[in-house]
Amino acid sequence: MCGIFGYTGTRRAAETVVDGLEKLEYRGYDSAGVLVLSEGDPVLVRTVGATRELRERMGKQPPPGHTAIGHTRWATHGQPSERNAHPHRCGQVFVVHNGIIENDSEIRRELHHVGTAFSSDTDSELIGHLIDRNMTSGMDFKTAVLATLPRLSGTYSFLAVTDRSDSPVIAVHMGSPLIIGKNAEGLFLSSDAHAFPPEVSEILPVSRGDVVILSSGKPPEFLLGAGQEKPFQSWSVTPETQGKGIYPHYMLKEIHEQPGVVRNLLAGLLEKTDGHLKINLPERVSRKLHKARRILIIACGTSFHAGLFGKYLLESIGLVSVSVEVASEFRYRHPVVDPERDLAILITQSGETADTLSCLRLLKELGVPQIVLTNVEGSTAVREADDAMFLLAGPELGVASTKAFLAQIVYMMFFALELGLKKPHPEHSNAHIYSILDEFFRIPALMEETLNLSPSIRDLVKPFTHLPSTLFLGRGRDYPLALEGALKLKEISYIHAEGYPSGELKHGPLALVSDSMPVFALVSGSELLPKILGNLKEVHSRSGIIISIAPASLKGALTDVVNHQILLPPVGDFFLPLLSTIVLQFISYHMADLKGFDVDRPRNLAKSVTVE
């Protein structure tokens, strides 16, 4: 989950690499470092904390040189400290590394036995020592790297250089993402193409198993893998899509971008011909959906919640059996699948989530067809899956996902509606589904109206910022949203929160309720409304503080039951989750901001989880 960045060319490398690392901080920000090759001795600068600390450490005159590698860290081995920060120097070799070396204990014992002195607690340092020992034995740099790879087990990528001023950069991709970028000024390497400067016009994703040499003034030289067989792709990104604009945090900006995300999705997913609406899924994807007798949705974290939301719709509208699986559990339990009847939908915002990719590879081995739902074109998941659908959410740099999650639940809606159109249903006739599709065009404006609730939500949650714990409740489709609301609050405000089905209160969680326990309740006007009101009365009778999130039409029904109401614009129950999701995001955002925390960089977390 670390970010790595490298450059070789004609521009000053130090500033280029640190600029790239700053855009990669969503992948980790425990520590950072840069190694610059110059005419004299290499210059290594490392620091604890974010890249702004690294800039300060380098000072007003960054070291000269036209080749550099850098790293921003999310700790796996060893606590955040300067000694554990990358790049690591190992004799004549420097390395930056993303991922995990699983046989590190074995390698460390072997190196210790031959007298190697370690300068960190990381597994990353071992890579450099193995390369250095190979070079000391007489191998050239290229051969030494290739001879090291069979010794390493795990999912990882790394960049390596020697201490020579003319050293090339050797990049190895064995499971963690790496992308090459180029322009007239040189070659770039990054964990994410969005970290490249705007002048980069072409990119080439490095495939798993590729080993490539980058030298100034030369095209990339692939030693292993199929990279040389692939052309560079055109690429463009604007500073406007990368910056915060008028917002104090990326997360707040990305919350406000959600109406635009839905408009982008509607432009691609809904087609109007001669006044008739058509869901515009790719033919291969539509065929897979209709053939499936069971759908396996596999994901982690926020994406798992989107999948659980999808289960409710796919079963109730699409009339198909759905199983939602946590990726880190699914692959280890010897799952029973049927390649002729099953379809796997794997949801991964980054397209690089290690646990989800492992499940993808397992399902391919078992012959189960797959569709990947992701936000990143050219990601590993896209390259390896049968088919891919894109969230079109644009760069999401806040660690806590917002617009990508909302795009995921929009896709779940469309998958369910697509299936519903081809199956007779007593409650969801084709006419009813087409009326839903037509209503979709009104939703972005209602989302924008919901964004106006932000100041009142901030005022409402302010008294609760000191409380240690809270509950989020929902029934039916609202239950996955309750899970997501609780996760968001935990992630960025560090307040303990749990999401529960409202009907489960009496089976244990009710013991937690008191006059110091805020309870956020998602309420819809569905057939479950009497049940929901009954559950809230259980909380009310025990002096719990109830904050309802409901359409304005339910104001009267809730007045005597809840303490506070967050009233949403009038909208049908099908679309209500798109508005209530925004409210849940504002609750967590404002709670964290009022507590003075770094909203975009929550402690101990990173956005792209590339380790298992």
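What follows is calculated from the coordinates using simple rules that are stated; it is not laboratory data. All values reported here derive from a predicted model rather than from experimental measurement. Here Cβ is always computed from backbone atoms with ideal geometry, including for glycine, and neighbour counts include all displayed protein chains.
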query: Looking at LEU126, GLN408, PHE188, which one has the Cα that reaches farthest to the positive end of the dipole of the chain (charges on Cβ: Lys, Arg +1; Asp, Glu -1)?
result: GLN408
query: Mind checking which aspartates and glutamates have their C-alpha under 13 Å from LYS462, skipping anything on the same chain fewer than 8 residues away?
result: ASP593
query: So what is the relative contact order of region 369-440, in percent, for Cα pairs below 8 Å that sit 6 or more residues apart?
result: 20 percent
field: Label-point separation in nm, ILE246 to ALA184, each point 7 Å along Cα→Cβ
entry: 3.6 nm
query: Roughly how many debye, to the nearest 20, is the charge dipole of region 3-240 about its Cα centre, given +1 on each Lys and Arg Cβ, -1 on each Asp and Glu Cβ, and no other charges?
result: 120 debye
task: Specify which residue in the list THR76, SER526, SER207 is farthest towards the positive end of the charge dipole of the chain, using unit charges on the beta carbon of Lys, Arg (+1) and Asp, Glu (-1), about the Cα centre.
output: SER526
query: How far is it, in nm, from the label point at HIS466 to the one at GLU504 when both lie 7 Å from their Cα along the line to the Cβ?
result: 3.2 nm
field: Residues LEU451 and GLN233, FRET efficiency given R0 of 35 Å [Cβ-Cβ distance, rounded to 0.05]
entry: 0.50
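Between GLU56 and HIS276, what length comes free when the chain is fully extended (0.36 nm per residue of separation minus the Cα-Cα distance, one decimal in nm)?
Stretched fully, the GLU56-HIS276 segment lengthens by 73.2 nm.
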task: Using the number of other C-beta atoms within 10 angstrom as an exposure proxy, rank ILE347, ILE101 with the fewest first.
output: ILE101, ILE347
query: SER514 to GLU315: extension gain in nm, 0.36 nm per residue of separation minus the Cα-Cα distance?
result: 68.0 nm
- request: Grab the other residues whose beta carbon is less than 14 angstrom from that of VAL172, score K and R as +1, D and E as -1, and report the net.
  value: +1
- prompt: Structure shown: which of LYS364/LYS423; LYS488/LYS595; LYS253/LYS288 lie over 25 Å apart, alpha-carbon to alpha-carbon?
  reply: LYS364/LYS423; LYS253/LYS288
- prompt: Taking Cα pairs under 8 Å and at least six residues apart, what relative contact order does the chain come out at, in percent?
  reply: 12 percent
message: If I model a spin label at ARG284 and GLU110 as a point 7 Å from the Cα along the Cα→Cβ vector, what separation in nanometres do I get?
response: 4.0 nm
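Let's test the formula: R0 of 35 Å, r as the Cβ-Cβ distance of SER201 and ARG361. What FRET efficiency results, to the nearest 0.05?
The calculated FRET efficiency here is 0.60.
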message: Taking the Cα of LYS423, stepping 7 Å toward and past its beta carbon, and measuring to each backbone N in region 463-477: which are under 18 Å?
response: 477
field: Reachable lysines from LYS230, criterion Cα separation under 21 angstrom, eight or more residues apart if same chain
entry: LYS182, LYS218
- request: Order by neighbour count: TYR494, TYR29, fewest other Cβ atoms within 10 Å first, most last.
  value: TYR494, TYR29
message: Just to verify a number: FRET efficiency for GLU102 and HIS564, C-beta to C-beta distance, R0 = 45 Å, to 0.05?
response: 0.35
message: Just to confirm my numbers, what's the Cα centroid distance between region 269-320 and region 397-412 in Å?
response: 16 Å
message: Run the numbers for PHE118 and PHE597: contour at 0.36 nm per residue of separation, minus the present Cα-Cα distance, in nm.
response: 168.9 nm
message: Let's see if you can work this out: charge +1 on each Lys and Arg Cβ, -1 on each Asp and Glu Cβ, no other charges. What is the dipole magnitude of the chain about its Cα centre, in debye to the nearest 20?
response: 520 debye
- request: Find the relative contact order for region 118-195 and round it to a whole percent, using C-alpha pairs within less than 8 Å whose residues are 6+ positions apart.
  value: 17 percent
query: Looking at region 243-441, what % of its DSSP beta bridges pair antiparallel, to the nearest 5?
result: 15 percent
message: Neighbour counts of other C-beta atoms within 10 Å: give me ASP598, ASP104 arranged from fewest to most.
response: ASP598, ASP104
field: region 142-222 - convex hull of alpha carbons, volume per residue in Å³
entry: 96 Å³
Antiparallel %, DSSP beta bridges [both residues in the chain], to 5: 60 percent
query: Which value, in debye to the nearest 20, describes the size of the charge dipole of region 451-612 about its Cα centre when Lys and Arg Cβ atoms bear +1, Asp and Glu Cβ atoms bear -1, and nothing else is charged?
result: 140 debye
